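Written below as structure tokens is the structure these notes are about.
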Amino acid sequence: MFRPRVRDNEKDALAEEHPLVMVDRIILVCTLIVAAVYFYATTLIPSLEIGDPLGPKAFPRLLGISLLLAAGMLFLEMWKDRKTAAPQPAAPDLWDLAHLRVLAAVAVWTAVYYAGLETLGYVVASAIYLFALMAWFNRGKWVANALTAVLYSGGSYILFVKLDVNLPKGVLPF
Amino acid sequence: METLTHILNGFSVCLQPINLWYTFVGVFLGTIIGVLPGIGPSAGIALLIPVTYGMNPTSALIMMAGIYYGTKYGGSTTAILINTPGEAASVMTAIDGYQMAKKGRGGAALAISAVGSFIAGTLGVVGLTLFAVPLTSMALKFGPAEYFMLMFFAMTAVSTLAGKSPAKAMISTILGLMISTIGIDLQSGQPRYTMGVPELQDGVGFVIAVVGLFAISEVFTQMEDMTKGVRPEIIKLEGKLWFTRDEWNRSVMPIMRGGIIGFIIGVLPGAGGTIASIMSYVWEKRLSKHPEQFGEGAIEGVAGPEAANNSDTAGALVPLLTLGIPGGGATAVMLGAFIMYGIQPGPMLFQNRPDLVWGLVDSMYIGNIMLLILNLPLIGLFVRLLYIPGGILMPLIMGISTIGLYGINGNPVELYIGLLFGILGYIFRKVDIPVAPMVLSLVLGGMMEQSFRQAMTISGANPKIFVGSAICLVLLALSVLSVALPFLLPRLKAWREGSDAAA
């Protein structure tokens, strides 16, 4: 996927200190951990070899080995990049805590919404959820936000229930 | 002769009012999804799957295909007017299209991309019509070993061509395969990697994964941009929405060439619309008498790539329909939809359900005509979508995603799984791991394991079966080639980086 590189123009001094190499190292370590956990979990599958000669563990083992190979490939790529000392492509400012905090809040708020979806019902829960998000990301436009949140929640409910999609009605009588 | 009858019968299927309606809904939604930066065809199709449960499969698939090729039309509008591709494959359109818009030729750029898309899109469907049947007769010779190698080839090609780093894409592919092994093993009945969660016994629903990986993660990415205050400037569309005779003469050949490149790239797994449009752009620049105009608003640089990324969609449907193996993210989601309706695309489908196959293919001729109309006189309507503030749009996409996640089984646990995939997708984007390979392997994983085990059962656990036939050997050679290709084409890559920086 090639994403537009709008953000990359704003490099700062920090970003020049090979943060990508750092990121790649973390990916490498994570990949190795995943491979190890996967290998371990594979040993937990009970083996009852009936029918096919391979059983349920063979393909997973192959995958585990492939993941190790891919990790090796990544290591080679990192090594090659360091050797040629290619100019680092613009680094995204990964460690910007302020933005991450907002996103974490969105994720938590979404989880809260999911938790309340069945008790409150789709329409009420969605309206509250959307209104809060819009209040933050589309600040100051109270009327427009409230209208969109309510109209969307009600409208999509009617539309999708008509289309036989199962949505929780919750506190509303209909 | 029989095929010709089937092709003509396909028109009687797709001209039924109900199917015409769903073609329209598909291309209309496709244009909207294409215009909106943020959600692409994969997420769009995945979000619609729960809605299509009650529909007859032919209509549902016609609509999904409409979304797929419709996004390519819509994506160019955003590329031209705000210099951001509305859809990944329109990156190249942004380069010269935006420059044209700045010079007041935005109307011409939009018109040429609509007309070019139409011509190339139709060319692509003609190609699909012609190539489908010969390929199915070959596909009938495929046994489990051949299918395994074919999927292997599709995955290596997607891994090496989907992103900057083949290793990261490979990691993404294998993680997807690993996730697909979660759930009860079909042959032995043993639960695998379910961690005691009953919802995981049926495996991770691929719609859930796709909605998370494509839609929710994109919302996170865009919300982050919003908190940073990145806001693109929208160029107001002025002047007539048509091109001059001279502009047309300059565009005809690029459209034809782009259409052919796009179709060929589309048939091959891995590369997809983005690569097709890059290749078309490079080619047009080489052939041009005025290469210095490229990047400054050359209409050839809009016409060629736009044509390429539209005929690509028809090309991408060739392996999906004839072999049952997708070559990229969006077609992988479509395969998932096929499977949910209990339809296995592939050579047998052409024999058993010619009405469905040809109804779908023929609907694309009609869909392209509808798109031409939607994207020329009515383009002004779609441009208005760009004025919806992100602060409203992104929450709404979250809302629609919730319907998509919950609507499948009505199980709240799947909402959280979707959210986790969203967070995973966001992290992947941040660290430049492409998500499309993961989606492809999620969809193909189960089939791949089954054909692996069937082949091994046939051969008595002798892995030589995977190199035991000519087809297997060719596929193996192609896989090796696809791994080597990125090293053979460093010049293209260097050039692309240069143009990215200039954009």
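Using the Karplus curve 6.51 cos²θ - 1.76 cosθ + 1.60 with θ = phi - 60°, what ³J(HN,Hα) values do you get for each residue of the range A:156-168, in whole Hz, with x for Gly and Pro?
Using θ = phi - 60°, the values come out as 5, 4, 4, 4, 6, 5, 4, 8, 6, 8, 7, 10, x Hz.
In whole percent, how big is the carbon plus sulfur part of the accessible area of the protein assembly as shown, probe 1.4 Å, protein atoms only?
69
For residue A:98 paired with residue A:68, estimate the spin-label separation in nm (one decimal), with each label point 7 Å from Cα along the Cα-to-Cβ line.
Between residue A:98 and residue A:68, the label points sit 4.6 nm apart.
If you rank B:358, A:136, B:248 by how much accessible surface each has, with a 1.4 Å probe, what is the order from largest down?
Values: B:358 5, A:136 125, B:248 75 Å².
Largest to smallest exposure gives the sequence A:136, B:248, B:358.
According to the square roots a ≥ b ≥ c of the eigenvalues of the Cα gyration tensor, what is the shape class of the range B:17-85, taking rounded for a/c under 1.5, prolate for a/b larger than b/c otherwise, and oblate for the remainder?
Judged from the Cα gyration tensor, the range B:17-85 comes out prolate (a/c at least 1.5, a/b above b/c).
Between residue B:467 and residue B:387, what FRET efficiency comes out of the Förster formula 1/(1 + (r/R0)^6) with R0 = 60 Å and r the beta carbon distance, rounded to 0.05? Working shown, then result.
Working: r = 57 Å, r/R0 = 0.96.
Computed FRET efficiency for residue B:387 and residue B:467: 0.55.
Say the cut-off is 19 Å between C-alpha atoms; which of B:103/B:240; B:72/B:430; B:164/B:228; B:240/B:289; B:102/B:236; A:141/B:236 go over it? All intermediate terms of the calculation are to be shown ahead of the outcome.
On the way: B:103/B:240 13 Å; B:72/B:430 25 Å; B:164/B:228 25 Å; B:240/B:289 27 Å; B:102/B:236 9 Å; A:141/B:236 24 Å.
Correct reply: B:72/B:430; B:164/B:228; B:240/B:289; A:141/B:236.
Expected output is a single nm value to one decimal: the length gained when fully extending between residue B:457 and residue B:296, i.e. 0.36 nm times separation in residues minus the C-alpha distance. What is it?
Details: separation 161, 0.36 × 161 = 57.96 nm, distance 6.00 nm.
Net length gain for the segment: 52.0 nm.
How would A:77, B:292 rank on accessible area, largest to smallest, probe 1.4 Å?
Numbers: A:77 40, B:292 120 Å².
Descending accessible area places them as B:292, A:77.
List, largest first, the extents of the alpha carbons of the range B:96-193 along their principal axes, each in whole Å.
Extents along the principal axes: 65, 36, 22 Å.
Over chain B, calculate the relative contact order: mean separation of alpha carbon pairs under 8 Å at least 6 apart, over the residue count, as a percent.
Working: 971 pairs, mean separation 140.6, N = 503.
After rounding, I find 28 percent.
Quick check on the range A:97-162: take the gyration tensor over C-alpha atoms, sort the square-rooted eigenvalues as a ≥ b ≥ c, and tell me if it's rounded (a/c under 1.5), prolate or oblate. Present the calculation step by step, with values, prior to reporting the outcome.
On the way: a/c = 2.83, a/b = 1.37, b/c = 2.06.
Verdict is oblate for the range A:97-162.
Please compute, over every Cα-Cα pair in the range B:344-436, the percentage with a separation greater than 20 angstrom. Don't jump to the answer; show the numbers that get you there.
Working: 2926 of 4278 pairs.
In whole percent, the share of Cα-Cα pairs in the range B:344-436 beyond 20 Å is 68.
As an exercise, use a Förster radius of 30 Å and the Cβ-Cβ distance of residue B:16 and residue A:158 to find the FRET efficiency, rounded to the nearest 0.05. Before the final figure, lay out each step's value.
On the way: r = 27 Å, r/R0 = 0.90.
With R0 = 30 Å, the Cβ-Cβ based efficiency is 0.65.
Would you calculate a helix-derived [θ] at 222 nm for the protein assembly as shown, using -39,500 (n - 2.57) for each DSSP H run of n ≥ 4 and dividing by the full residue count, to the nearest 500? Please list the in-between numbers first.
Values: 27 runs with 479 residues, N = 677.
Rounded to the nearest 500, the figure is -24000 deg cm²/dmol.
Could you let me know the centre-to-centre spacing of the range B:207-259 and the range A:90-166, using Cα atoms, in angstrom?
Taking the Cα centre of the range A:90-166 as reference, the centre of the range B:207-259 is 25 Å away.
Counting only other chains, and only Cβ atoms inside 10 Å, what mean value do you get across the residues of B:441-448?
Values: counts 1, 0, 0, 0, 2, 0, 0, 2.
Per residue, the number of nearby Cβ atoms from other chains is 1 on average.
Packing-wise, with mean Cβ within 10 Å as the measure, how do B:386-398, B:432-444 rank, highest first?
Details: B:386-398: 19.5, B:432-444: 27.6.
Going by the mean number of other Cβ atoms within 10 Å, highest first, we get B:432-444, B:386-398.
Rounded to the nearest 10 degrees, what's the angle between the helix B:390-409 long axis and the longest principal axis of chain B, both from Cα atoms, 0 to 90?
Roughly 20 degrees between the two axes.
Rounded, prolate or oblate: which fits the protein assembly as shown when a ≥ b ≥ c are the square roots of the eigenvalues of the alpha-carbon gyration tensor, with rounded for a/c under 1.5 and prolate only if a/b beats b/c? Present the calculation step by step, with values, prior to reporting the outcome.
Numbers: a/c = 1.21, a/b = 1.12, b/c = 1.09.
Rounded shape, in that the Cα axes give a/c under 1.5.
Is there a simple number for the mean count of other chain Cβ atoms within 10 Å of the Cβ of residues in B:187-199, and what is it?
Values: counts 6, 12, 3, 7, 4, 9, 7, 1, 1, 0, 0, 0, 0.
Partner-chain Cβ atoms within 10 Å, mean over residues of B:187-199: 4.
With the calculation restricted to Cα positions, what are the radius of gyration and Dmax of chain B in angstrom?
21.8, 71
Tilt of helix B:17-35 relative to the longest C-alpha principal axis of chain B, in degrees (0 to 90, nearest 10)?
Result, in degrees: 70.
May I ask for the accessible area buried between chains B and A, both sides summed, probe 1.4 Å, to the nearest 100 Å²? Numbers along the way, then the final one.
On the way: alone 20600 and 13510 Å², together 27450 Å².
Summing both sides, the interface buries roughly 6600 Å².
Any idea what the relative contact order of the range B:81-162 is, in percent, if you count C-alpha pairs under 8 Å spaced at least 6 apart?
Values: 21 pairs, mean separation 11.6, N = 82.
14 percent.
Stretched out fully, how many nm does the piece from residue B:373 to residue B:197 gain, at 0.36 nm a residue minus the Cα gap? Don't skip to the answer; put the middle values down first.
On the way: separation 176, 0.36 × 176 = 63.36 nm, distance 5.00 nm.
Taking 0.36 nm per residue and subtracting the Cα distance, the gain is 58.4 nm.
Using 0.36 nm per residue, how much length does the chain from residue B:351 to residue B:249 gain when fully extended, once their Cα-Cα distance is taken away? It would help to have the intermediate numbers written out before the result.
Numbers: separation 102, 0.36 × 102 = 36.72 nm, distance 4.34 nm.
So the chain would gain 32.4 nm between residue B:351 and residue B:249.
Pairing the Cα long axis of helix B:470-488 with the longest principal axis of chain B, what angle in degrees results, from 0 to 90 and rounded to the nearest 10?
The answer is roughly 40 degrees.
Using the per-residue mean of other Cβ atoms lying within 10 Å as a proxy for protection, in what order, highest first, do the peptides B:95-101, A:38-44, B:305-311 fall? Intermediate results must be reported in sequence, preceding the final value.
Working: B:95-101: 25.9, A:38-44: 14.7, B:305-311: 37.7.
Going from most to least packed, we get B:305-311, B:95-101, A:38-44.
The values are calculated or read from the model by the stated rules, or taken from the named source; none is laboratory data. Just so we're clear, the structure is a prediction, and the values are computed from it rather than from any experiment. Neighbour counts are summed over all protein chains in view; Cβ atoms, including those assigned to glycine, are modelled from backbone coordinates with ideal geometry. To get the accessible areas, we keep the full protein, side chains included, count just its heavy atoms, and leave off ligands, DNA and RNA. Shrake-Rupley method; radii C 1.70, N 1.55, O 1.52, S 1.80 Å.
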